[in-house]
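Report on one structure; see the data block that follows.
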Amino acid sequence: MRLSLVLIKRNIKLFFKDKGMFFTSLITPAILLVLYATFLGNVYRDSLTSGLPDMLKLSDGIVEGLVGGQLISSILAVSCVTVAFCSNFLMVQDKANGTSKDLRISPVRPAVLSMSYYIATLISTLIICFAATGICLAYVAVAGWYLSLADVFLLFLDILLLVLFGTALSSIINFFLSTQGQISAIGTIISAGYGFICGAYMPISSFGEGLQKAVSFLPGTYGTSLIRNHALQGVFGEMQSQGIPAEIIGELKASLDCSLYFFGNRVELPMMYLILGGATVLLIGIYILLNAFKRETS
Amino acid sequence: MSNIIQIEHLNKSFGEVKAVQDLSFRVKEGELFAFLGINGAGKSTTIHIMCGQLAKDSGRIMIDGQDLDKNVDSIKRQLGVVFQSSVLDSALSVYDNLESRAALYGIVGAAFKKRLMELAALLGFEDLLKRAVGKLSGGQRRRIDIARALFHRPKILILDEPTTGLDPQTRKTIWNVIFDLRKNENMTVFLTTHYMEEAAEADYVVILDSGKISAEGTPLELKNAYTGDYITIYGVKEDTVKMLGTDYEQIRDAYRLAVPNTRAATELIVKYPAVFCDYEITKGKMDDVFLAVTGKALEGGAEQ
């Protein structure tokens, strides 16, 4: 136990001291912020207001609440996965620079090393994502606060789940990597690609039908939707209390990926939790099996 | 002295490449064992197999009386390894690095701090504990590498080209520490090096070429078998040297004669006592042995 704690401490320290890894992990959220500040914010606002019937007018507070909720849910959903990947690159870096050779000449069990990477990645990612959530909530408080205490609690729960999922997924992919070049390649693909496929840059509802179906097979999609639901639930409640018709709110929910469909069937929130949780357990199981069946290390 | 390492008929191939072929040798407890060969000769493969990092194709390895196939974890506790290039975490401090590596052997808390102070005093790095490893000089980093390898008091210290690229003073410091460890703790040292003057200090030498043993023996046995002696004569004229009828070369202030062995040197001196007023006899060097055995020379870490 003491050994695991020392190794976890080592891995966390290395991630935060390695400026390259740390800042790389923040690239995607930073891109989102820049996109939002330059034009995405206006695109969101315009698409919200232009899609409504002429006689219906949303208050500025509601619009800002919707745009803000969409922004923070995008940033948080992306961060949970990309930060986990970058943090977990330590596992690959240790292989690339020979450190894993040094660790494995000792009598330590490979499972202890593997789990220390997983737990350290989990903690590092949670630290960054919870800090980011705090900043995002502060932003929402300024832009337009409609969240209840339960929404905030569920938001943190969603982030915890998505980080668990991102860490498990990155552990499996990084298991097969062993060079700096592979780190760069996967890092670029994840940073650039994950924002799109999870619906952070553009809502999944705006994709073509085929792509929407393909994306509905990815568990991360439901993680994004969970975060988005809890970030926007308060705004939708406020809209309802202001007398905006339920159909319009329903359409808005669908357009913002709060309502997801799997081959035409609506996926409810409990099912989203089940999919994300089940996928995480499955991925952790695969990671454990991969380590158990690993024989020759070099 | 008993055998602390015993390797019998070891084989390892990577696809078509036979990295190690029917390798057998023994290392006695407490001795300095030199394992020589050019890059790709099979040294690192053998070391990786000994450390349980790589599976062998066939053969048997006994270390400290234990079979590697059955007691790999126990054997790992008896081995300390200094790798060719430092594998410590350059972003972390010396203290943090050694803390994480010591924990791998169950050395934590007060036991860690006590051993740390012992090694810091032995290797002279008390003032470096808070410095990041990446900011240390090559010599300082090497001392930390050695401390990491010694932390769990291994019986066998494997040094994979430990002094390559270091300045002479640091090399001397490191060798002094290793000498003390052998003397005080009867530690066995398994050395690979490209510096032949280091190999000359070994108790036993194995020269590897293309995964097979080309030659083995004590440095003296190898020198006697593969090189001749040299007589350097000072204060004589070239005509006098020519008269001796032996191959020679002129050096700055003397002539160096090549003779097959010490007996031949003695016979020459006895035959021409007037010529040998100021002279010295030296054995061939380990570089000459290596060149004679493998047909290749080693210098500063590269094949020549």
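Readers should treat all values here as calculations from the given coordinates under stated rules, not as data from a laboratory. Quick caveat, the model's predicted, so the values are computed rather than measured. With ideal geometry, Cβ positions are generated from the backbone for all residues, glycine too; neighbour counts draw on all protein chains shown.
All conditions in (1) away from chain A (no Cβ under 14 Å); (2) out of contact with any His (no Cβ under 6 Å at 6 or more places or on another chain); (3) surrounded by 15 or more Cβ atoms within 10 Å (Cβ to Cβ); (4) over 15 Å from B:Leu150 (Cβ atoms) hold for B:Gly59, with the sole exception of (2).
Counting only strands (runs of 3 or more DSSP E) that fall entirely inside region B:124-242 and contain at least 2 residues that are among the β-branched types (Val, Ile, Thr), within 14 Å of the chain's Cα centre (by Cα) and closer than 28 Å to B:Asp288 by Cα, the qualifying elements are B:188-192, B:204-209. Every condition in (1) surrounded by fewer than 16 Cβ atoms within 10 Å (Cβ to Cβ); (2) in contact with a strand residue (DSSP E or B) (Cβ under 6 Å, 6 or more places away or on another chain); (3) over 20 Å from B:Ala34 (Cβ atoms); (4) touching a residue at least 12 places away in the same chain (Cβ under 8 Å) is met by B:Ala265 except one, and the failing one is (1). Filtered by the rule that a residue be free of Cβ contacts under 8 Å to residues at least 12 places away in the same chain and within 21 Å of the chain's Cα centre (by Cα), region B:54-86 gives a lone residue, B:Ser85.
All of (1) under 21 Å from B:Met187 (Cβ atoms); (2) within 13 Å of chain A (Cβ to nearest Cβ); (3) not acidic (Asp, Glu) hold for B:Lys114 with one exception: (2). Got at least one residue in region B:114-130 being of a type in the set (Phe, Trp, Tyr) and buried (at least 20 other Cβ atoms within 10 Å of the Cβ)? Within region B:114-130 (the criterion being of a type in the set (Phe, Trp, Tyr) and buried (at least 20 other Cβ atoms within 10 Å of the Cβ)), the answer is yes, since at least one residue qualifies. Of the set (1) within 14 Å of another protein chain (Cβ to nearest Cβ); (2) of a type outside the set (D, E, K, R); (3) without any contact (Cβ under 8 Å) to a residue 12 or more places away in the chain, all apply to A:Ala120 but (3). Criterion first (within 14 Å of chain A (Cβ to nearest Cβ) and buried (at least 16 other Cβ atoms within 10 Å of the Cβ)) does B:Arg148 satisfy it? Criteria met by B:Arg148.
So that you can scan it fast, the table gives a plain yes or no per residue for (1) among the aliphatic types (A, V, I, L, M); (2) buried (at least 22 other Cβ atoms within 10 Å of the Cβ); (3) not in a helix (DSSP H, G or I):
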| position | (1), (2), (3) |
| --- | --- |
| A:Ala30 | yes, no, no |
| A:Cys80 | no, yes, no |
| A:Val83 | yes, yes, no |
| A:Ser87 | no, yes, no |
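When region B:87-100 is filtered for residues that are more than 7 Å from chain A (Cβ to nearest Cβ) and free of Cβ contacts under 8 Å to residues at least 60 places away in the same chain, the ones remaining, listed by number, are B:Ser90, B:Ser93, B:Val94, B:Tyr95, B:Asn97, B:Leu98. Against the criterion of being surrounded by 14 or more Cβ atoms within 10 Å (Cβ to Cβ) and either in contact (Cβ under 8 Å) with a residue 60 or more places away in the chain or at positive phi (or both), A:Leu260 does not qualify.
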